[in-house]
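What follows is a single structure, written as structure tokens, with notes after it.
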Amino acid sequence: MNDLSATPRIAYSAAAMQPTVVRRLRGLSDKALAWLFITPTIVLLLAINIFPLIWTIYLSFTSYRANRINAATRWLGIDWYQSILTDPDIWAAMQVTAHFVIWTVIIETVLGFGLAVLIDKKFRGHGVWTTIILLPMMLSPAVVGNFWTFLYQPQIGLFNYVVAFVTGRSASSFQMLGDVTLSPWAIVIVDAWMWTPYVMLICLAGLRSIPDYIYEAAEVDRASKWRQFWSITLPMALPFIMLAVLFRGIENFKMFDMVNLLTGGGPGSTTEVASITLKRAAFESWRTGYSSAFAIILFVTVFGLANIYVKALNRVKSR
């Protein structure tokens, strides 16, 4: 009898509690509900992104060294920033980085847009060829780096034999990763091989967004294919091309893994981009404060250039 009498009480209590919860949820506005769901994400982003940035900014003004955590930390102010901005080695690394970024972006943009134009024609078997073209960007940078290191080998590398066949010279004469002149271009070739398909996808999205009736109107006006390309295709796809340039420029400015796997910054400092210099200062010399200041300088540089570029992109899109 006791068990039977307790059952209605439990059911009644649950029924009495449910309307209270429902009333509380219904009492919240849409804005309050939005904040209820967004707040955990904001807290997570603050913990993962904002706090390390603030901590890095703080370390950039101190003498902190990660391998001497018990040593006294002195406040240095802007000493590290002055040292970095007047260091010729840093400017040399920035020059190497600029060379890498400019050439890779130019090559990837030209090839990516050209491939997008070809794929957009929807010829027979274009789906298979699109999949084959996209394969490099699906690979890990570590795999690509080791793969091309093997291809660049002077004795057994296939790349050297192809170049030797074209130029008529011996394959062993091409030291792609050991030559001061060729090693920067070796990295450019690998990055272009891997990320040109990415640019192609963005440009292809731009080409597919152009309405067909515009081309039909141009054909009625007897505009040539070349005229259609310069007057319709290129102007309407330009925002997507600029977007691809922005993405690849940011990624290549902070490139590390590919360069580290292929050359490690060598021979000498020929391919020592800014990220390699930062790695050596942080994890080889253990100059944590110095490397933190350098990281902030790189961050401000990328952020400033990207902000200027985005404003130019918005002006192009608003035309």
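The values are calculated or read from the model by the stated rules, or taken from the named source; none is laboratory data. These numbers come from a predicted model, not from an experiment. Positions of Cβ are generated from backbone atoms using ideal geometry, with glycine treated the same way; all protein chains shown enter the neighbour counts.
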### Query
So residue 189 fits all but one of (1) surrounded by 15 or more Cβ atoms within 10 Å (Cβ to Cβ); (2) under 15 Å from residue 267 (Cα atoms); what number is the exception?
(2)
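Mind telling me which of the residues 104, 167, 130 ends up being in the same structural domain as residue 259 (by TED's automatic domain parsing), farther than 21 Å from residue 185 by Cβ and either in contact (Cβ under 8 Å) with a residue 60 or more places away in the chain or among the β-branched types (Val, Ile, Thr) (or both)? It would help to see each step written out before you state the result.
Details: 104 fails: farther than 21 Å from residue 185 by Cβ; 167 fails: farther than 21 Å from residue 185 by Cβ.
One residue alone meets the criteria, 130.
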### Query
Which members of segment 258-277 meet the condition of being within 16 Å of residue 104 (Cβ to Cβ) and among the small types (Gly, Ala, Ser)?
274, 275
### Message
Going by what's in this entry, would residue 237 be described as at pLDDT 95 or above, farther than 30 Å from residue 153 by Cβ, of a type outside the set (Val, Ile, Thr) and in contact with a Leu (Cβ under 9 Å, 6 or more places away or on another chain)?
### Response
no
### Query
Cβ-Cβ below 6 Å, separation at least six or inter-chain, first residue in segment 300-319 and at positive phi, second surrounded by 12 or more Cβ atoms within 10 Å (Cβ to Cβ): which pairs?
none
### Message
Condition (residue is of a type in the set (A, V, I, L, M, F, W, C), at pLDDT 95 or above and touching a Phe, Trp or Tyr at 6+ places or on another chain (Cβ under 6 Å)) applied to segment 99-115: is it met by at least one residue?
### Response
yes
### Message
Just to be sure before I move on: is residue 138 in the same structural domain as residue 241 (by TED's automatic domain parsing) and buried (at least 16 other Cβ atoms within 10 Å of the Cβ) in the structure I sent?
### Response
no
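The rows are residues; the columns are (1) surrounded by 15 or more Cβ atoms within 10 Å (Cβ to Cβ); (2) under 25 Å from the mean Cα position of the chain (by Cα).
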position	(1), (2)
159	yes, no
194	yes, yes
211	no, no
241	yes, yes
